Amino acid sequence: MAPIETALHLPGERLTMPTGTSSIMDPAFATLRQFTRSKRPLERCELCGADLRREHPHLVEIASRQIVCACEPCATLFDGMTASRYKRVSRRARLLTNFQMTEGQWESLLIPINMAFFFHSSLEGRTVTLYPSPAGAVESLLPLEAWTEIVQQNSVLRELQPDIEALLINRVGQAHELSRADYFIAPIDECYRLVGLIRANWKGLSGGSEVWMEIGRFFSDLKSRADAVSGEANA
């Protein structure tokens, strides 16, 4: 982009300023300079208001399921807390290498798309199923018998930390015979980040190529950071 000084006149023409207009124009140029130099607004801790780094802890508000940005000192207050308004979100991601689920079991979960996440709500005392959509996270009724059978075959699911960890399933590639399904135990904020990503990038009826590229990048990044573990407990 041409400098502001040369963008307002024709090539070869000398820029002149009428006498007495400098003091009038200075505030305008100062405003423009300030605008062009402005940086992305800093995120702040939603508990104390402190500035946050790009990578910072998250809390989950149990009653609303809202993700809350926090500074390290505030997040530390909720480490290991079980009976409080907030819980600190786990950062560990695990790729379940030998997760057991048949096509029939997946269909019995009554989820209309090939992505979903499951977490145990301590407030409600049950496992909650959500799947992403262009409108946000949608809750699906979870048949208890079907879920119980899956847990019996994959005992690592008994170790899910309530409210802050979820079983995240991606079967998109498998549904189109392009790749195997991926199963993760993921931090709950990552699951909601996937929901936000889809909501922000979805276009038209099929979503458009951009959203599917973003989804692919999301799962590639998650897999690169995840520890590969067995579906057996304490693996």
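The values are calculated or read from the model by the stated rules, or taken from the named source; none is laboratory data. Computed from a predicted structure; not experimentally measured. Note that we place each Cβ from the backbone using ideal geometry, even for glycine, and neighbour counts take in every protein chain shown.
Overview of results
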{"item": "Lone unmet requirement of (1) at pLDDT 95 or above; (2) hydrophobic (A, V, I, L, M, F, W, C); (3) under 30 Å from ALA146 (Cβ atoms) for ILE111", "result": "(1)"}
{"item": "Residues satisfying the stated conditions in region 119-137, i.e. among the aliphatic types (A, V, I, L, M) and surrounded by fewer than 16 Cβ atoms within 10 Å (Cβ to Cβ)", "result": "LEU123, ALA135"}
{"item": "Verdict on ASP163 being in the same structural domain as TRP106 (by TED's automatic domain parsing), on the phi > 0 side of the Ramachandran plot and acidic (Asp, Glu)", "result": "yes"}
{"item": "Wholly enclosed strands (runs of 3 or more DSSP E) of region 114-162 bearing at least 3 residues in contact with a Pro (Cβ under 9 Å, 6 or more places away or on another chain)", "result": "115-121"}
{"item": "Residue under evaluation PRO73, criteria (1) over 30 Å from GLU149 (Cα atoms); (2) in contact with an Asp or Glu (Cβ under 8 Å, 6 or more places away or on another chain); (3) at pLDDT 95 or above, criterion not met", "result": "(2)"}
{"item": "Candidates ALA166, ALA146, ALA63, ALA116 - the one that is surrounded by fewer than 13 Cβ atoms within 10 Å (Cβ to Cβ) and touching a residue at least 40 places away in the same chain (Cβ under 8 Å)", "result": "ALA63"}
{"item": "Selected residue (criterion: nearest to GLU61 (Cα to Cα)) from residues of region 186-226 that are at pLDDT 95 or above and assigned to a strand (DSSP E or B)", "result": "PRO187"}
{"item": "Yes/no for GLU46 being part of a loop (DSSP other than H, G, I, E, B), more than 20 Å from LEU167 (Cα to Cα) and at pLDDT 95 or above", "result": "yes"}
{"item": "Residue ID - surrounded by the fewest Cβ atoms within 10 Å (Cβ to Cβ), chosen from residues in region 92-106 that are touching a strand residue (DSSP E or B) at 6+ places or on another chain (Cβ under 6 Å) and in a loop (DSSP other than H, G, I, E, B)", "result": "THR97"}
{"item": "Region 182-235: number of residues that are in contact with a Gly (Cβ under 7 Å, 6 or more places away or on another chain) and surrounded by fewer than 19 Cβ atoms within 10 Å (Cβ to Cβ)", "result": "1"}
{"item": "Hey, LEU123 under 25 Å from ILE67 (Cα atoms) and hydrophobic (A, V, I, L, M, F, W, C) or not", "result": "yes"}
